[in-house]
Structures are given as C-alpha cells and as structure tokens.
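Heads up: the structure comes next, in structure tokens.
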Amino acid sequence: MKLTLKIWRQKNKDSKGEFKVYPIDGIEGDMSFLEMLDILNEQLINNNEEPVHFDHDCREGICGTCSLQINGQPHGPDRLTTTCHLHMRSFSDGDTIVIEPFRATAFPVIRDLVVDRSSFERIQQAGGYVSVNTSGNTIDANAIPVNKHDADESFNSAACIGCGACVAACKNASAMLFTSAKISQYSLLPQGKIEATERVLNMVRQMDEEGFGNCTNTGACEIECPKGITLVNIARMNREYTAASLKKPLSNSWS
Amino acid sequence: MAILTSSIARKVAMALSGLFLVFFLLQHMVVNLTAVINPETYNSLSHFMGNDGFVQFLLQPILMFGFIFHIVMGIVLEIRNNNARKIKYNTYKGNRNSSWMSRNMIVTGIMILLFLGLHLYDFWFPEINYKYIETNPLDLERYYPHLLDKFADPVRTGIYCLAFIFLMLHLWHGFSSAFQSLGWNNKYSRAIRGFTRFYAVAVPFGFIFIALYLYLIQ
Ligand code: SF4
Ligand code: FES
C-alpha cells in the first residue's frame, strides 16, 4: 500500500508546529497503525532526520497510552479500537492520512504527536480511589455482597483506560466521560459509597480547574471511546454531583 | 456561587432554565392558536395577560429572568468551551460522531435571540408603550387587529417561519439533552427522546402554521 502521511511536527512545548508530508510505501493491511509509524521512523532515522514522536506502550489496547487524531477521529476510523489496535486494512492504497495530536488546552503538546495528559492523573488523585487499610488486615473481597448488575456496571466503567479520546473527540474538549467513568466505577460499589460525596465534588472541581470544556451532550465521546464507556456514566455523575452539592453544606464535615 | 464556577452546576442550571422555556413555548403556542380558532378568545386572553397583576409583575419577570439567564449562561459556556481547545484540528469530522444540532446550539440559539429582538419590537414594546408610556385607555379589541397587521407583511411572516425552523433545531437537541444533564439516562430515555423530538417538531410547526394562516387570510 502506498500512502501519503500528513503529520504534525512540533519541536517542543513552546515551539510553533507545522504539518509535514511524508510519502510511504510497502505498507501491508495487517500491520498496525503504530507499526506503520515505526517503519516511517526507521526511514527517517536512516535519512538522518528526527523520527516522529508518538505515545505508545502496551500495544494491546489496555494501557491507554497511544493516542493520535487520525483523519479527524481519535484512534482513527474504527469503532471501539485504540490506535495500537487499528489495522492498516482500514485504509486503502493512495490514501492521504492526516495525523494530529489530541487537541485540548488541558492536553498541551510536548513534542510532535505526544501530549501531556497528566491533567487526567490530577483528576484521579483528587478522589479516584477508596481509602483502605492494607497493613496486614485485608478483608476478603467477597465478604461484602455486591449485586451482579452493579458489579457489571462498575466493571464496565472501570474499563476506561484513560486515553483521552473522549476529550479529543468532544467539540468542547470536555473530560466528563473520563471523569464520570472514574467516579462511576466506585460509586456503584458499597466500598466506594463511603467517600462518594467528597469524591464527586473534588474530582469535578479538579476537572474544571484543568481547563476542560463543558459537556453539551453531543455524544461524540461515547462514539469515539475505544472502551465503550457510555453517557449513562455522565448522567450518573451529574446526579451525584447535584445531590452532593445539596448534601455537603448540611453535613458535619469540616473540610 | 457554585452556579458561576462549577461545570455541572452550570449544566444543570442550563437544563432547568431550558425546560422552563420549553414549557413556556407550549403555553405561548396554545394562546396563539386561539387567534386561529376564535379571535375573541385571543383578545380576552391577551387582555388578561397584559393586565393581570400576577402575570405582569410575577410571571413576566420570572420569564424574562429565565430567558436572560439561559442566554447569558449559554454564551458563557460557549466561550469557556472554545477556550478548552485553543488550537483547532486541521481535519475535524464532527458529523461522524454527533448531530449538527448538538454541535450548533450556539448558532441556532443566536438566531432565536435575533428573532426575539424582532419579536419584542413587534409586540412587547408597542404594548408597553401603549399601556405605560402613552397610558392609553383600555381597549379589549385591539390585540387581534395588531396581530393581523403584523402578519400582513410577507417578509415578516417569512422571518418568523425561518426563526421557528431554528427553534425546531434548537429544541431537537436541547429538550432531550436537558434530561441527560439532570442525570436522567435510564430505561425511559428512549421514550423521553421520542417525546421531546415530537415536541421539538410539533410546537414550532404550530407556530409556523399560525403565522402562515394569519398571512394567508388577509
Ligand atoms: S472514557 Fe473512553 S475515551 Fe475517555 S479516557 Fe476513558 S477509555 Fe479513553
Ligand atoms: S499502546 Fe496501550 S492502549 Fe494502545
């Protein structure tokens, strides 16, 4: 397969980037998108040019490190697929592929196609956990009954790999799908309910501070999410946030 | 204060004010329909709404507040959302993952706002002028002729119809979206979406019908 790649190149955080065009040949349909970029990089290195920087780690669709806006879609044209799992057979000979970094004020570009997604980590740190004491007296997980439906729902939310495609897809660069998945995975379980009020308030506050946009319910995120996280999560977060804001002033907490 | 700072509080406020305005639209359309069915009823309803203290000094200010809040908040959100992605994509395929209506609420909203300006100029300002500035005597028969007079103009009738199309597009996304914002996404959501979409078409269509009717009978 012969392709023309139009790739965003940017030296560092502060430099002004631009698109560069690279022709590439000999691409097979069963190569992954990242393999295709590897081949391009080998060629660039052989020509003494800077290779294209892009994020990747597991290359098996579970870590959430790979990103890329491919022809206007995060993780490319296939549904429920991360870039590392995207196959070149989804493109045809002679195609021009535009490859951009995920764009959001809260995801600044560090270099070429690599963006800084630590804003997601800070949202997690603001409340995406349960406080447990693991010092020698761990309780058997099965000691607390959880109904099957809630357990499954929670598991579905926990499938979020934190890739940021939801932000990249959203016209408002809103992080509500991610944040709501991280809130939902706990709020559905008895262990998570204990800190639920604080969690939703703190995580949403952090999300806003990071400069993500506001959700306007376009639904783009759930279509582009490689892990099938749904808008039901956002509705749950809205509900919990509203309840928590009403409850917080009445509670006896001092924080 | 939370309303001014938190994204979800803004969203909930946007939904509640939106639902309030949606309800107002229905009421407005029903009143207008009386102009088609029976001008006398239209006159007396208009007179009631224009002179009843409760409507004038409680409901009307609440309505104005609802409108202004929804508009100002919509613009604030739009600005914030634009800032959340300062560098735009080179290639962007919005229609692959979302509807035009959902992505262009600000466009349809501003069109409706412009129409609102014309609408107030046509009906509200003359009414205020008549009652409070020129302090004319009460005239129970004046409402229907004023209405007919306005819709004698084909250009104005056309602008009104166009505005109702924008209203339709705005409601198509906005009405069902309000439920999601309030946290309603469950087994009833399909039914709710069906109802809201029917409403989004039926109510503006009702307005269009009334406008055309008033134009055509003259
Ligand atoms: S919700 Fe989906 S798109 Fe967003 S970060 Fe999680 S896995 Fe990625
Ligand atoms: S590289 Fe880990 S999900 Fe793609």
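The values are calculated or read from the model by the stated rules, or taken from the named source; none is laboratory data. Just so we're clear, the structure is a prediction, and the values are computed from it rather than from any experiment. When we count neighbours, we look across all protein chains shown, and the Cβ atoms used for this are built from the backbone with ideal geometry, even at glycine. All accessible areas refer to the heavy atoms of the entire protein, side chains included, with ligands and DNA or RNA removed. Shrake-Rupley method; radii C 1.70, N 1.55, O 1.52, S 1.80 Å.
Remarks
- Computed magnitude of the charge dipole of the protein assembly as shown (debye, nearest 20; Cβ of K, R +1, Cβ of D, E -1): 480 debye
- If R0 is 35 Å, the Cβ-Cβ spacing of B:Glu134 and B:Val107 corresponds to a FRET efficiency of close to 0.35.
- For the stretch A:118-247, relative contact order (Cα pairs under 8 Å, six or more residues apart, normalised by length) works out to 34 percent.
- Principal-axis analysis of the Cα atoms of chain A puts helix A:176-187 at an angle of about 40° to the longest axis.
- Whole-number percent relative contact order across chain B, with pairs defined as alpha carbons under 8 Å at least 6 apart: 32 percent
- Each residue was assigned an accessible area with a 1.4 Å probe, and for B:Tyr130 the value is about 60 Å².
- To the nearest 10, the accessible area of A:Glu35 is 80 Å² with a 1.4 Å probe.
- Backbone N atoms of the stretch B:132-157 closer than 20 Å to the 7 Å Cα→Cβ label point of B:Phe125 belong to residues B:132-136, B:143, B:146-157.
- Computed magnitude of the charge dipole of the stretch A:11-121 (debye, nearest 20; Cβ of K, R +1, Cβ of D, E -1): 480 debye
- Taking A:Ile24, A:Ile39, A:Ile144 as the candidate residues, the one with maximal mean-square fluctuation in a Gaussian network model of chain A, Cα springs under 10 Å, is A:Ile144.
- Label-zone membership for the stretch B:92-111, site B:Ile165, 7 angstrom Cα→C-beta point, backbone N under 14 Å: B:108, B:111
- Axis of helix B:154-181 versus longest Cα principal axis of chain B: the two differ by about 40°, to the nearest ten degrees.
- Here r is the Cβ-Cβ distance between B:Arg96 and A:Cys63 and R0 is 35 Å; the resulting FRET efficiency, rounded to 0.05, is 0.90.
- Rounded to 10°, Cα long-axis angle of helix A:196-209 versus longest principal axis of chain A: 40 degrees
- For chain A: relative contact order, % (alpha-carbon pairs under 8 angstrom, 6 or more apart): 19 percent
- Two-site label geometry, A:Ala141 and B:Phe24: point separation in nm, points 7 Å out along Cα→Cβ: 5.3 nm
- Dipole of the stretch A:118-247, positive end: most advanced residue of A:Thr218, A:Ile229, A:Leu188 [Cβ charges, Cα centre]: A:Thr218
- Debye log10 I(q)/I(0) at q = 0.10, 0.13 Å⁻¹ for the protein assembly as shown, Cα point scatterers: -0.85, -1.16
- For the stretch B:39-106 versus the stretch B:162-218, the spacing of their alpha-carbon centroids is 13 Å.
- Charged side chains reduced to their Cβ positions (Lys and Arg at +1, Asp and Glu at -1) give chain B a dipole of some 1760 debye around its Cα centre.
- Backbone amide hydrogens, once placed in the peptide plane, bring A:Arg9 within less than 5 Å of A:Glu18, A:Phe19, A:Lys20, excluding anything fewer than 5 places away on its chain.
- Surface calculation, 1.4 Å probe, protein heavy atoms: B:Leu214 sits at approximately 0 Å² accessible.
- Kirkwood estimate for the stretch A:118-247, i.e. one over the average of 1/r between Cα atoms, Å: 15.0 Å
- Separation in nanometres of the label points that stand 7 Å from Cα toward Cβ, at B:Asp52 and A:Asn48: 8.7 nm
- Spatially, the stretch A:168-221 and the stretch A:1-74 are offset by 30 Å when compared through their Cα centroids.
- The simple Förster model, with R0 at 30 Å and r as the Cβ-Cβ distance, assigns B:Leu148 and B:Arg193 a FRET efficiency of 0.20.
- When chain A is treated as a GNM with alpha-carbon contacts under 10 Å, the residue of A:Cys58, A:Cys215, A:Cys225 showing the greatest mean-square fluctuation is A:Cys58.
- Largest first, the residues B:Trp124, A:Trp8 sort by 1.4 Å accessible area into B:Trp124, A:Trp8.
- Here the simple spin-label model places points 7 Å from the Cα toward Cβ, and for B:Ala202 and B:Leu118 these points are separated by 2.7 nm.
- Rg/Rg_globular for chain B, with Rg_globular taken as 2.2 N^0.38 Å and Rg from C-alpha atoms: 1.14
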